[in-house]
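J.: Quick one: the structure is below, questions incoming.
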Amino acid sequence: MWRRIPTLMHRRPVVSATLAASAALGTGYLLYSQREALRARNPFALLGATPRAVHADAEAKPESPNAVNDRPLPFWSPPSRREMLNMLQGKTKEGQALARPEDEEFDLLVIGGGATGTGVALDAATRGLRVALVERDDFSAGTSSRSTKLVHGGVRYLEKAVWELDIGQYYLVKEALHERKTFLDIAPYLSQHLPIMIPVYKWWQLPYFWAGCKAYDMLAGSQGLESSYLLTRGKAIDAFPMLKKDQLKGALVYYD
């Protein structure tokens with residue numbers, strides 16, 4: 001067999017080229033396999049580097065001003081509530097007053113540190129305005145802490161508009177219904193239709209609430225949600241088994 005190889009190569013040059021290419025590929029694969037095995041055992045060996053332990057050290061300092069510190073930065077710890085309040089009041093973290101000019105001027109003064117006030121202050125500050133915010137109590141201590149988080153159209157304002165003949169309340173409901181529809185259109189990922197059930201314990205309340213909710217639906221017009229409807233006593237209990245059952249007459253459901 002070995003004596004026939006030269007003859008075969010002499011007769012068929014293609015065979016010679018194939019054997020040479022196979023030998024080259026085999027040698028390359030062998031070297032690559034050894035390199036990967038070395039990398040798996042010691043990742044630093046191919047770089048000529050010595051492995052070092054890397055960890056987070058809050059007290060770590062570079063050996064000299066020009067030294068390269070390749071350790072990760074220490075973990076950031078947020079300031080305490082007292083420190084944040086001090087900084088918001090223009091003081092140091094420890095509460096020491098900073099020297100401020102008496103005639104310092106601001107572009108905007110926001111009165112009230114609730115959800116609306118802080119949102120306005122933040123938006124204005126990010127636009128480059130100098131903003132001052134004053135709050136009587138604490139952040140979100142008033143209405144913002146008791147909000148139902150409902151983008152509602154103001155059904156209770158409609159009741160006030162009817163009984164007090166207040167045209168201003170009527171326009172307020174119209175505007176709120178328009179804003180509700182706008183919010184649902186531009187931010188569907190933040191809002192959704194919410195059914196609200198009102199339990200009724202007196203017979204006269206059934207037609208009263210039904211008429212009010214239907215007027216609310218009609219006032220919304222094309223900007224309305226699903227139509228309100230009545231529930232029998234049994235269906236109301238099925239929907240909310242923990243509902244107070246004594247003298248329950250039924251329920252009314254409307255959407256906001």
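Read the figures in this text as sums done on the coordinates, not as results from a lab. Here the structure is a predicted model, which is why all the values come from computation and not from measurement. Cβ placement follows ideal geometry from the backbone for every residue including glycine, while neighbour counts extend to all protein chains displayed.
J.: For L133, list long-range residues whose amide hydrogen, built 1.01 Å from N in the peptide plane, is under 5 Å from its own amide hydrogen.
T.: For L133, the qualifying residues are V110.
J.: Which Cα, out of G234, G212, L172, lies furthest along the positive dipole direction of the range 155-255 (beta carbon charges, K/R +1, D/E -1)?
T.: G234
J.: Residues with amide H under 5 Å of L231's amide H, sequence separation 5 or more or different chain, H placed in the peptide plane at 1.01 Å from N; which?
T.: A251, L252, V253
J.: Same structure again: Quick one: check the C-alpha center-to-center distance for the range 85-164 versus the range 209-245, whole angstrom.
T.: One Cα centre to the other: 36 Å.
J.: Sticking with this structure for a sec: Provide the net charge surrounding E83, with neighbours chosen by a C-beta distance below 11 Å and charges set as Lys +1, Arg +1, Asp -1, Glu -1.
T.: Taking every other residue near E83 into account, the sum is +3.
J.: Would you list D138, D217 from fewest to most Cβ contacts within 10 Å? Could the numbers behind the result be given before it?
T.: Details: D138 10, D217 18.
Lowest to highest Cβ neighbour count: D138, D217.
J.: Can you compute the modelled spin-label distance between K160 and E94, with each label point 7 Å from Cα toward Cβ, in nm?
T.: 5.0 nm
J.: Going through the cross-link list K149/K214; K160/K244; K160/K214; K181/K245; K174/K235; K160/K181, which pairs have a Cα-Cα distance over 26 Å in this structure?
T.: Details: K149/K214 23 Å; K160/K244 28 Å; K160/K214 16 Å; K181/K245 35 Å; K174/K235 32 Å; K160/K181 22 Å.
Over 26 Å Cα-Cα: K160/K244; K181/K245; K174/K235.
J.: For D246, D256, which order do you get if you count the other beta carbons within 10 Å of each Cβ and list the fewest first?
T.: Ordered from fewest to most neighbouring Cβ atoms within 10 Å, D246, D256 come out as D246, D256.
J.: Taking only the alpha-carbon atoms of the range 112-250, what semi-axes of the equivalent ellipsoid follow from 5 times the gyration tensor eigenvalues under a square root, in whole Å, largest first?
T.: Details: eigenvalues 245, 71, 53 Å².
Working through the eigenvalues yields semi-axes of 35, 19, 16 Å.
J.: Compute, for the range 155-255, the length of the dipole vector about the Cα centre, with Cβ point charges of +1 (Lys, Arg) and -1 (Asp, Glu) only. Units Debye, rounded to 20.
T.: About 440 debye.
J.: Taking the simple approach of a point 7 Å from Cα along Cα-to-Cβ for both A115 and W203, what is their distance in nm?
T.: Reported label-point gap for A115 and W203 is 4.1 nm.
J.: What's the exposure ranking of F209, F139, F106, going from fewest to most Cβ atoms within 10 Å?
T.: Working: F209 20, F139 17, F106 12.
Ranking F209, F139, F106 by Cβ neighbours within 10 Å, fewest first, gives F106, F139, F209.
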